Amino acid sequence: MTDTTTTVALAAGIEVPQSFIAEHIEMYKAYHRAPELSSEEHRTAESIEARLTELGIEHFRSGGTGVVGLLTNGEGPTVGFRADTDGLPIAEATGLDYASTATGILPDGSEAPTMHGCGHDTHITTALAAAAYLTANRDAWHGTIVLLFQPGEETAWGAKAMVDDGLWDRAPRPEVVLAQHVMPAKAGTFSLRAGNMASLADSWRITVRGRQAHGSQPEMSLDPIVAAASMVLRLQTIVSRELAPITPAVVTVGTFHAGLKENIIPETAEFSVNVRTPDEDVRAHVLGSIRRIVAAEAAASGIDEPAIVEINRFPRLFNDAEHTARATAALQAGFGSESVIAAPLGMGSEDAGWLGDAIGVPVVFWSFGAFPAKAFADGSSPAGNHSPHFAPNAELAVVNGTGAALAVLLEYLGK
Ligand code: ZN
Ligand code: ZN
């Protein structure tokens, strides 16, 4: 139902007509139905460009499927605002009437169902909604907003691709880069912390090459399975025996593949390792230990040093203390003093930080809730990001995501 005479508060002092909410819920549902995989966000990018054009906002491409909008309103500060745009290879199981039935092509050429299972559709929609509000309320603010619609977050590819493509040669240098992420939390609550907001993450593929032989003739082989199995077990001692108990780190071996038949000792075994660390020092230690253990176990088995290939690397996501305090105050003013929760250090990862770090500009990243309070009744909690059941409430996501974006943007740009 659309009633243009009724207004809704997105946050304290930020009112929009009910029709604004209805329009953006429809936009959200359209993005939700049509997720595209990382670095394949072609139709998504075109749709964002079309909307920016409609709003009269100048824009350009950066990093292939990245879109940068330059929303200007006279003299004033310049602020960057990031929204990531990619979906995930997940078969959606929410049962929503706007659930995705789309598919995409994975890097290996295979087809996969796609879902906005991390809620990046809420980020696109709320960034466009904030842009629409600011376009319609030019007397409320001044300055420039660099709208950063970033592809490829889930593969740690997009922020770097945009920077490498000359993003900051074409867009004005902001005083801060802001970013937000939907989480399975109550609508009207926000979470952030100064310092590291997420973990650094590294993924490697390790190929152990031995010598193939008949299963009955181990003396003719150099068995890569036994060597790789020893590596996998020994890698478990990095966190448990080399790091202090209070240091948060993870070393996960997520894939292990070797052999085709039980009576053949294969030539190779391949496994991949995913590493989460809280800072650059721990990262350097853990990655160095992996190299040392892999090389030493190979030597113990009398085989060549295995090849290690980087799959991806997430940089730090570091919230600047001064700007975090400013964003916190803006969210508290917009949503109440109880609305902001101090975030623990998460072991997730995010490449948004690189959009600022690459040019020495501070970054603030916060998460926002978009679920009704009843979803948390009796100690239960809704399915989280990357679950096939992840289903933010469309209206709560639009209202709270847009409200948070505007509350913090206007803290910098408001008159
Ligand atoms: Zn994600
Ligand atoms: Zn995400």
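For the range 146-170, the candidate set comprises residues that are outside any helix (DSSP H, G or I) and touching a Phe, Trp or Tyr at 6+ places or on another chain (Cβ under 6 Å); within that set, the residue that is nearest to ligand 2 (Cβ to nearest atom) is Ala156. When the range 133-155 is limited to residues that are within 16 Å of ligand 1 (Cβ to nearest atom) and among the charged types (D, E, K, R), the one that is surrounded by the most Cβ atoms within 10 Å (Cβ to Cβ) turns out to be Glu153.
Scanning the range 112-123 finds one or more residues that are within 16 Å of ligand 2 (Cβ to nearest atom), closer than 13 Å to Glu36 by Cα, in a loop (DSSP other than H, G, I, E, B) and β-branched (Val, Ile, Thr). Per this entry, Ile57 is counted among residues that are in contact with a Gly (Cβ under 8 Å, 6 or more places away or on another chain) and aliphatic (A, V, I, L, M). Every test in (1) part of a helix (DSSP H, G or I); (2) over 12 Å from Leu70 (Cα atoms); (3) among the aliphatic types (A, V, I, L, M) is passed by Ala131 save one, and that test is (2). Among the residues of the range 186-209, is there at least one that is farther than 30 Å from Leu345 by Cα, basic (Lys, Arg) and in contact with a Ser or Thr (Cβ under 8 Å, 6 or more places away or on another chain)? Yes, the range 186-209 contains a residue that is farther than 30 Å from Leu345 by Cα, basic (Lys, Arg) and in contact with a Ser or Thr (Cβ under 8 Å, 6 or more places away or on another chain). Of all the numbered requirements in (1) within 26 Å of Ala34 (Cβ to Cβ); (2) more than 13 Å from ligand 1 (Cβ to nearest atom); (3) touching a Ser or Thr at 6+ places or on another chain (Cβ under 9 Å); (4) touching a residue at least 40 places away in the same chain (Cβ under 8 Å), Gly158 misses one, and that requirement is (2).
Restricting Val182, Val251, Val239 to those that are of a type in the set (Val, Ile, Thr) and within 30 Å of Leu410 (Cβ to Cβ) reduces the list to Val182.
Test Ala296 against the criterion of being among the small types (Gly, Ala, Ser) and over 26 Å from Pro218 (Cα atoms), and give yes or no. Answer is no for this residue. Pairing residues of the range 380-404 that are within 17 Å of Tyr98 (Cβ to Cβ) with residues that are of a type in the set (Lys, Arg), at Cβ distances under 8 Å and at least 6 apart in sequence or on separate chains, gives Ala394/Lys29.
Conditions (1) within 24 Å of Pro382 (Cα to Cα); (2) outside any loop (DSSP other than H, G, I, E, B); (3) in contact with a His (Cβ under 7 Å, 6 or more places away or on another chain); (4) more than 16 Å from ligand 2 (Cβ to nearest atom), marked per residue:
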site	(1), (2), (3), (4)
Phe20	no, yes, no, yes
Glu26	yes, yes, no, yes
Glu46	no, yes, no, yes
Arg51	no, yes, no, yes
Arg61	no, yes, no, yes
Gly69	no, yes, yes, yes
Leu96	yes, no, no, yes
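Contact map, the range 84-95: residues that are under 21 Å from Gly63 (Cβ atoms) and charged (D, E, K, R) paired with residues that are in a loop (DSSP other than H, G, I, E, B) and near ligand 2 (Cβ under 10 Å from one of its atoms), Cβ distance under 6 Å, separation 6+ or inter-chain. Pairs shown: Asp84/Glu153; Asp86/Glu153; Asp86/Glu154. Within the range 82-101, the set of residues being touching a helix residue (DSSP H, G or I) at 6+ places or on another chain (Cβ under 6 Å) and either among the hydroxyl-bearing types (Ser, Thr, Tyr) or away from ligand 1 (no atom under 16 Å from the Cβ) (or both) comprises Thr85, Tyr98, Ser100. For His116, the criteria (1) within 16 Å of ligand 1 (Cβ to nearest atom); (2) out of contact with any Gly (no Cβ under 7 Å at 6 or more places or on another chain) hold in every case but one, which is (2). Within the span defined as the range 179-190, one or more residues are surrounded by 17 or more Cβ atoms within 10 Å (Cβ to Cβ), β-branched (Val, Ile, Thr) and under 19 Å from Gly80 (Cα atoms).
Quick grid of which residues meet (1) polar (S, T, N, Q); (2) closer than 27 Å to Ala187 by Cβ; (3) within 16 Å of ligand 2 (Cβ to nearest atom):
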{"site": "Arg291", "(1), (2), (3)": "no, no, no"}
{"site": "Ala298", "(1), (2), (3)": "no, no, no"}
{"site": "Glu310", "(1), (2), (3)": "no, no, no"}
{"site": "Ala333", "(1), (2), (3)": "no, yes, no"}
{"site": "Ala343", "(1), (2), (3)": "no, yes, yes"}
{"site": "Gly346", "(1), (2), (3)": "no, yes, yes"}
{"site": "Ala358", "(1), (2), (3)": "no, no, no"}
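From the set of residues in the range 377-395 that are over 20 Å from the mean Cα position of the chain (by Cα) and under 26 Å from Glu154 (Cβ atoms), which is nearest to ligand 2 (Cβ to nearest atom)? Walk me through it before giving the result.
Step one: of the range 377-395, the residues over 20 Å from the mean Cα position of the chain (by Cα) are 377-381, 395.
Checking the rest, the ones that are also under 26 Å from Glu154 (Cβ atoms) come to 381, 395.
On the way: Ser381: 18, Glu395: 21 Å.
Step by step, filter the range 377-395, then rank; the result is Ser381.
Against the conditions (1) in contact (Cβ under 8 Å) with a residue 40 or more places away in the chain; (2) out of contact with any strand residue (DSSP E or B) (no Cβ under 6 Å at 6 or more places or on another chain); (3) over 24 Å from Ser301 (Cα atoms), Arg276 satisfies every one except (2). Put simply, of Glu280, Glu262 the only residue that is among the charged types (D, E, K, R), surrounded by fewer than 16 Cβ atoms within 10 Å (Cβ to Cβ), farther than 14 Å from Trp204 by Cβ and at pLDDT below 95 is Glu280. Say whether the condition of being of a type in the set (Val, Ile, Thr) and crowded, with 19+ Cβ neighbours inside 10 Å is met by at least one residue in the range 93-105. No - not one qualifying residue is present in the range 93-105.
Just so you know, in the range 373-415 the residues that are under 18 Å from Leu178 (Cβ atoms) and within 16 Å of ligand 1 (Cβ to nearest atom) include one that is surrounded by the fewest Cβ atoms within 10 Å (Cβ to Cβ), and it is Ala397.
The values are calculated or read from the model by the stated rules, or taken from the named source; none is laboratory data. Being a predicted model, the structure only gives us computed values, none of them experimental. Ideal geometry is used to build each Cβ from the backbone, glycine not excepted, and the neighbour counts take in all protein chains shown.
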